[in-house]
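Engineer: Before we start, here is the structure in question, set down as structure tokens.
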Amino acid sequence: MDEDALKQVERLTMFLFERVDEDPDKAAGTITAVVEEAFGAPPMLSSSTEAVVLTNAGSVLINAGSRTENETDLARGELWMQAVVDSGLLDGTDREAAALYNLANSRLALTDISYSQALRRDSHGERVRAVAEQRITDKDRLRLARVELTRAAQLTSDPRHKGMQLCNLANVLDHSGRWVEAYDAYVRALDADPDNGAAAGNAAVLIERAIGNGWDFDGHLCSLYDHYLARAKANRAVTVSVAGEHAARKYDAMELLGSNKPVFDPPHEDAYRDWVAHHRLALIAALEGTGGHSEDGRWDAIALASVTDTSNSSVAPRVFSILNVLKGDFLVARRLAFEAEQVLDETGGWHLHDSDTGTYTDTLQYEVHGEAVSKLVLAHRAALDVLDKTAVAVNDHLEVGDDPTKVWFRRFWFEDKRCTQLREKLITHDALSTGILSMAELAVDMGPGGMYKHAQDVRNAGTHRFILVHQGLAEVESSLTMQAMTLAGMREACHQSLTVARAAFIYLVALLAVYESRSAPDGAPTVPLFLPDAF
């Protein structure tokens, strides 16, 4: 490209960047004309410098399109950013992260317009359902945006940018009812940038909603709400810079609750409990730690409180047994992962633990063998088995009628194999739509191109093939029979599978609770779940 033309685009971009709000339509038209003259339409790139200039110009166009809700400008910005990413000229750099962030933002702005249009078309008052169905219509664009934000955060070295990317990821998850995963992303955003008032404020809003839905746990959520709201108020200037004045004013108007319960668990003598708290893997309504009501070691207390019983039977409804089994399955997977990591932390995977009774052939490829690594693989597989069973539980309790032996988590929530439409039997009640959407989107993210695709691939390999774990110091090739993974990668995949399974279990309980609250006829008897102390 002509150097003078490139400099002209760069100068214009810098000029318009601070002036987008003055006249976004004019800014979009001007930057489009200059970029297309310099780069062509679609843009052609031949150097990393050109890719950086186009990334910055695309940021101006996407910001302008977002202000005016101009789908043409946003689609063009999406095209520019896709060209940058596909060029590979910025691979593995902070600049690639910036392009991915812009690309995700263009996709999200387009879906926001779709939601607004869907709500305007809604003539039956089913607003929640209308939004859920539109998000599934836009599922591919949303899936890509979640992956791009995740990847951008992995690449970014700048704490402020990493916090913004993770905060945006959390927002996207929360908008689909995936509040457990959203909370984790807000926390990671604050880990990256402790001053990100937007992440703290949005976490407080999420927690406030959980409290309003009856998810409070011994006042813990109230204290957590105060913790994050106070951080948002203390970092108002950062909130304004990353999310705008309107967001800061929203947090200004929110009031502290004055709760004095501990926000985070103090260290325990129980290493397992500390590990669970650190990784946020407890099955409780509290979003941090393991809760303060139980010191007897039984702190995985989340459960369905009651169901409507019209059978007049003396036998407890089957759903209680189903949830008991499902919880036990998850807890075993979690315990296996902990035990494996305890041994691996002691040995580093370089030698067998004294408790291992096996002898293993040294293949001279830095392979990791033994009970510990096999426990890690089994834990990963067992955790993701919980996903299929959550779908079976919904099929049974909502009386969908599918053959339980043919229910799969990745397909159950949809009418068609292409996953383009939410299942009508599951969203007959408007109130259920968000709960079904959270499961359906989670299923999309387990599939090809999803943010949890790696975890699903490892699960499939662990079921039908052999997973070969190694230290990563030598090139180990995968084959049709064997999938090679580094020890660090296997541990990461296991953590991810447990996080996903925990979220799915909590979404399941929330979904069933909403279903029961909406389906009980006036005066119908309910069956509360009471567990004896010795159980």
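Engineer: Which one of these is within 27 Å of residue 509 (Cβ to Cβ) and out of contact with any strand residue (DSSP E or B) (no Cβ under 6 Å at 6 or more places or on another chain): 405, 357?
Structural biologist: Result of the check over 405, 357: 405.
Engineer: Considering each of 55, 32 in turn, give the residue that is assigned by TED's automatic domain parsing to the domain that holds residue 146, farther than 29 Å from residue 163 by Cα and in contact with a Lys or Arg (Cβ under 9 Å, 6 or more places away or on another chain).
Structural biologist: None of the others qualify; the one that does is 32.
Engineer: Hey, another quick one. Please state which one of 304, 352, 326 is modelled with pLDDT of 95 or more and surrounded by 11 or more Cβ atoms within 10 Å (Cβ to Cβ).
Structural biologist: Testing whether each residue is modelled with pLDDT of 95 or more and surrounded by 11 or more Cβ atoms within 10 Å (Cβ to Cβ) leaves just 326.
Engineer: When you go through (1) hydrophobic (A, V, I, L, M, F, W, C); (2) under 21 Å from residue 96 (Cα atoms); (3) part of a helix (DSSP H, G or I); (4) free of Cβ contacts under 8 Å to residues at least 40 places away in the same chain one by one for residue 5, which number turns out not to apply?
Structural biologist: With respect to (1) hydrophobic (A, V, I, L, M, F, W, C); (2) under 21 Å from residue 96 (Cα atoms); (3) part of a helix (DSSP H, G or I); (4) free of Cβ contacts under 8 Å to residues at least 40 places away in the same chain, residue 5 is out only on (2).
Engineer: Provide a single number: the residues in the stretch 339-349 that are surrounded by 20 or more Cβ atoms within 10 Å (Cβ to Cβ) and part of a helix (DSSP H, G or I).
Structural biologist: 3
Engineer: Residues being within 17 Å of residue 95 (Cα to Cα) and among the small types (Gly, Ala, Ser): count how many of those fall in the stretch 17-56.
Structural biologist: Summing the residues that are within 17 Å of residue 95 (Cα to Cα) and among the small types (Gly, Ala, Ser) in the stretch 17-56 gives 4.
Engineer: OK, next. Where residues in the stretch 307-323 are surrounded by fewer than 16 Cβ atoms within 10 Å (Cβ to Cβ) and of a type in the set (S, T, N, Q), which of them is modelled with the highest pLDDT?
Structural biologist: Residue satisfying both the conditions and the ranking: 321.
Engineer: Output yes when any residue across the stretch 474-488 is surrounded by fewer than 22 Cβ atoms within 10 Å (Cβ to Cβ), touching a His at 6+ places or on another chain (Cβ under 9 Å) and assigned to a helix (DSSP H, G or I), and no when none is.
Structural biologist: Looking through the stretch 474-488, at least one residue is surrounded by fewer than 22 Cβ atoms within 10 Å (Cβ to Cβ), touching a His at 6+ places or on another chain (Cβ under 9 Å) and assigned to a helix (DSSP H, G or I).
Engineer: Checking the structure you have, find out if any residue of the stretch 109-125 is of a type outside the set (Gly, Ala, Ser) and either touching a strand residue (DSSP E or B) at 6+ places or on another chain (Cβ under 9 Å) or surrounded by 23 or more Cβ atoms within 10 Å (Cβ to Cβ) (or both).
Structural biologist: no
Engineer: Same structure again: Give me the helices (runs of 4 or more DSSP H) completely within the stretch 219-284, filtered to those with at least 1 residues that are in contact (Cβ under 8 Å) with a residue 60 or more places away in the chain and within 26 Å of the chain's Cα centre (by Cα), ordered by residue number.
Structural biologist: 220-234, 236-243, 271-278
Engineer: Something else: Would you confirm whether or not the stretch 359-381 contains a residue that is touching a helix residue (DSSP H, G or I) at 6+ places or on another chain (Cβ under 9 Å), more than 23 Å from residue 461 (Cβ to Cβ) and surrounded by fewer than 16 Cβ atoms within 10 Å (Cβ to Cβ)?
Structural biologist: no
Engineer: Continuing with this model, one more query. Under 9 Å by Cβ, and 6 or more places apart or on different chains, what pairs join a residue from the stretch 478-493 that is farther than 18 Å from residue 453 by Cβ with one that is part of a helix (DSSP H, G or I)?
Structural biologist: If the second residue must be part of a helix (DSSP H, G or I), the pairs left are 482/461; 487/344; 487/373; 487/376.
Engineer: On to the next question. Inside the stretch 150-178, can you point out the residues that are polar (S, T, N, Q) and either over 24 Å from residue 439 (Cβ atoms) or assigned to a helix (DSSP H, G or I) (or both)?
Structural biologist: 150, 154, 156, 157, 165, 168, 171
Engineer: Is there a residue being assigned to a helix (DSSP H, G or I) and hydrophobic (A, V, I, L, M, F, W, C) anywhere in the stretch 460-467?
Structural biologist: yes
Engineer: Return the total of residues in the stretch 8-28 being assigned to a helix (DSSP H, G or I) and surrounded by 13 or more Cβ atoms within 10 Å (Cβ to Cβ).
Structural biologist: 13
Engineer: Additional query: Give me the pairs: first residue in the stretch 108-133 and modelled with pLDDT of 80 or more, second residue aromatic (Phe, Trp, Tyr), beta-carbon distance under 9 Å, and six or more apart or on different chains, which are they?
Structural biologist: If the second residue must be aromatic (Phe, Trp, Tyr), the pairs left are 130/115; 131/115.
Engineer: Name the single residue that is surrounded by the most Cβ atoms within 10 Å (Cβ to Cβ) among those in the stretch 439-462 being in contact with a helix residue (DSSP H, G or I) (Cβ under 8 Å, 6 or more places away or on another chain) and farther than 18 Å from residue 504 by Cβ.
Structural biologist: 462
Engineer: Can you say whether residue 2 is at pLDDT 95 or above, surrounded by fewer than 22 Cβ atoms within 10 Å (Cβ to Cβ) and out of contact with any His (no Cβ under 6 Å at 6 or more places or on another chain), as far as the supplied structure shows?
Structural biologist: No.
Engineer: Being within 20 Å of residue 62 (Cβ to Cβ) and surrounded by 19 or more Cβ atoms within 10 Å (Cβ to Cβ) narrows it down to one of 173, 142, so name that one.
Structural biologist: After ruling out the rest, the residue left standing is 142.
Engineer: For residue 181, only one of the following conditions fails: (1) surrounded by fewer than 24 Cβ atoms within 10 Å (Cβ to Cβ); (2) assigned to a helix (DSSP H, G or I); (3) of a type in the set (Asp, Glu). What is its number?
Structural biologist: (1)
The values are calculated or read from the model by the stated rules, or taken from the named source; none is laboratory data. Note that this is a predicted model, so its numbers are computed, not measured. Every residue, glycine among them, receives a Cβ derived from its backbone with ideal geometry; neighbour counts consider all protein chains shown.
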